[in-house]
Each structure stands twice: as C-alpha cells, then as structure tokens.
Amino acid sequence: MTPLLKAPLRIPDLDVPWRDVDYRVVDVETTGLDLRRDTVVSFGSVLVRAGRIQWRSRVSVDIRPGRPIGVDAMIVHGLRHEDLDAAPGLADVADTIGAQLDGCVLVAHAAWVELAFLREPLRMAGRRGKPATVDTAALLRATGVAPSGTGHEPDIEWSAAALGLEAHTPHQALGDALTAAEVFLVAAARIEQDRPELTARSLVKISGAHTLT
C-alpha cells in the first residue's frame with residue numbers, strides 16, 4: 001500500500017547561530033550492514049536544544065525485524081528475534097521517527113549509515129526530502145581529533161574517549177545516540193573557538209566536506 005504523501009520534512013533556518021537550532025541526535029541498530037537489504041531493529045534519539053541535551057526528550061524504540069538478524073549484528077547489539085517478537089513493526093513506528101526528524105537538523109555518528117537505514121521508515125511515513133545533517137565523525141576529522149584519509153570511521157566509543165567523555169551503554173541505540181550528542185556538542189564548541197560566528201549551516205557544510213561518502 002502506498003503511503004499518503006505528507007508535507008516534506010521541514011528544514012529549520014540554518015543561517016542562525018548554531019545553538020539557536022534544534023538537533024535530533026539518532027542512532028540505529030540493524031539486522032546487518034547491507035544498506036540495501038537490512039533493516040532497523042532499534043532506534044534511539046535525543047534532542048539537543050540551545051546547546052544542551054534535553055534528557056526528557058530521549059526516545060528508545062525496539063522494532064520487530066522484517067528479515068533475519070545476522071549473527072555478526074546480533075553479537076554487536078545483543079538483540080535476538082525472540083527479544084523483538086512483541087515489538088511493533090517498522091511501519092508502526094515510522095510516523096514517530098518521521099515526526100522527530102521534522103524541523104530538526106539530524107545528527108549521527110557516521111551519519112551516512114543512519115541516513116541509509118532511515119530512508120525506509122521515512123518512506124513508510126510518507127515523508128519526502130532529506131534532513132539537513134551533521135556527521136559527528138566528520139566533525140572529528142575537521143577538528144583533527146580523528147585522522148583523515150583512512151577510509152574508516154572512528155567508532156563512537158573511541159571518539160568519546162578521544163574527547164575525554166564516557167560512552168553511554170555502547171551498541172544500544174539510545175546509549176550511542178546520547179554519546180553522539182555529547183561528542184557533537186564538544187566538537188561544535190571546538191569549531192566555534194575558531195569561528196565565533198558559527199552557524200548551523202556552517203556545521204552542515206563542514207560535516208559534508210569531511211564525510212567519507
């Protein structure tokens with residue numbers, strides 16, 4: 001069944017100081033790493049507003065998989081089919097995911113991966129367009145914290161440790177989203193030291209210039 005088309009994802013005004021924009025920091029766990037075939041089994045997110053993590057905004061949703069969970073993925077995130085039998089299907093949570101991204105800048109670690117896996121729930125929700133995106137791994141390369149030219153992404157735990165942060169429950173969607181939110185705030189503040197007039201659009205552009213794909 002084709003979903004009813006809704007309004008496209010709203011993009012906030014990016015030509016303002018970066019702290020004046022809402023950011024939705026997300027992470028997903030999946031059935032595997034095939035961007036064309038695998039699907040989301042867990043979604044976590046938290047809102048960053050006025051340069052602060054809004055703890056009460058956190059969202060954690062487990063999702064019944066539409067295909068088998070690969071052994072390698074299961075070892076990483078620990079979610080088994082039997083753990084997700086009673087969880088809602090992806091179509092049942094698609095509207096929730098779409099609503100959270102509406103009017104916000106999406107932030108994720110190695111964001112091209114999250115964007116690939118979020119494409120299907122956004123389609124199911126009838127959402128059109130691509131959110132403005134900031135990739136925390138790209139910001140770490142831009143600031144010299146993570147090396148460039150390796151062809152590999154720094155993992156979120158390493159990234160947190162490199163900035164003197166503690167990782168929240170690694171390989172759980174909400175935990176990794178919270179860690180990514182802290183990494184984002186520290187990296188943006190470092191960039192701001194050299195660019196006092198830093199805008200949200202500048203962060204999006206810096207991210208795009210240092211992403212792997």
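Coordinate-derived values only; no laboratory data. Just so it is clear, the model here is predicted, and its values are computed rather than measured. Cβ atoms come from the backbone with ideal geometry, glycine included; neighbour counts cover every protein chain shown.
Loop-only check: which trypsin sites (Lys or Arg not before Pro) in the stretch 33-141 are DSSP coil with at most 15 other Cβ within 10 angstrom?
Filter output for the stretch 33-141: R36, R37, R80, R128.
Apply the a/c threshold of 1.5 to the C-alpha gyration tensor of the stretch 81-192 and tell me whether it is rounded, prolate or oblate.
Verdict is prolate for the stretch 81-192.
Could you tell me how far the Cα centroid of the stretch 22-68 sits from the Cα centroid of the stretch 163-188, in Å?
One Cα centre to the other: 13 Å.
Please check: in the Gaussian network model of the chain (C-alpha springs, under 10 Å), which one of V93, V76, V48 has the largest mean-square fluctuation.
V76
Which of I156, I97, I11 moves most in a GNM of the chain, Cα contacts under 10 Å?
With Cα springs under 10 Å in the chain, the top fluctuation among I156, I97, I11 is at I11.
Can you give the log10 of the normalised intensity I(q)/I(0) at q = 0.14, 0.18, 0.22 Å⁻¹, computed with Debye over equal Cα scatterers of the stretch 1-104?
The calculated log intensity ratios at q = 0.14, 0.18, 0.22 Å⁻¹ are -0.67, -0.96, -1.16.
Please report, largest first and rounded to whole Å, the three semi-axes of the ellipsoid equivalent to the stretch 129-187, where each semi-axis is the square root of five times an eigenvalue of the C-alpha gyration tensor.
So the three semi-axes of the stretch 129-187 are 17, 16, 11 Å.
Based on DSSP loop calls and a cut-off of at most 13 other Cβ atoms within 10 Å, the longest stretch of the chain free of exposed GluC sites (Glu not before Pro) is what?
Answer - 1-165.
Which three lengths, in whole Å and largest first, does the chain cover when its Cα atoms are put on their principal axes?
49, 38, 33
Mean residue ellipticity at 222 nm from the helices of the chain, using -39,500 (n - 2.57) per DSSP H segment of n ≥ 4 over the full residue count, to the nearest 500 deg cm²/dmol?
-12000 deg cm²/dmol
As a test, work out the antiparallel percent of DSSP beta bridges whose residues both lie in the chain, rounded to the nearest 5.
If we restrict to bridges inside the chain, about 70 percent are antiparallel.
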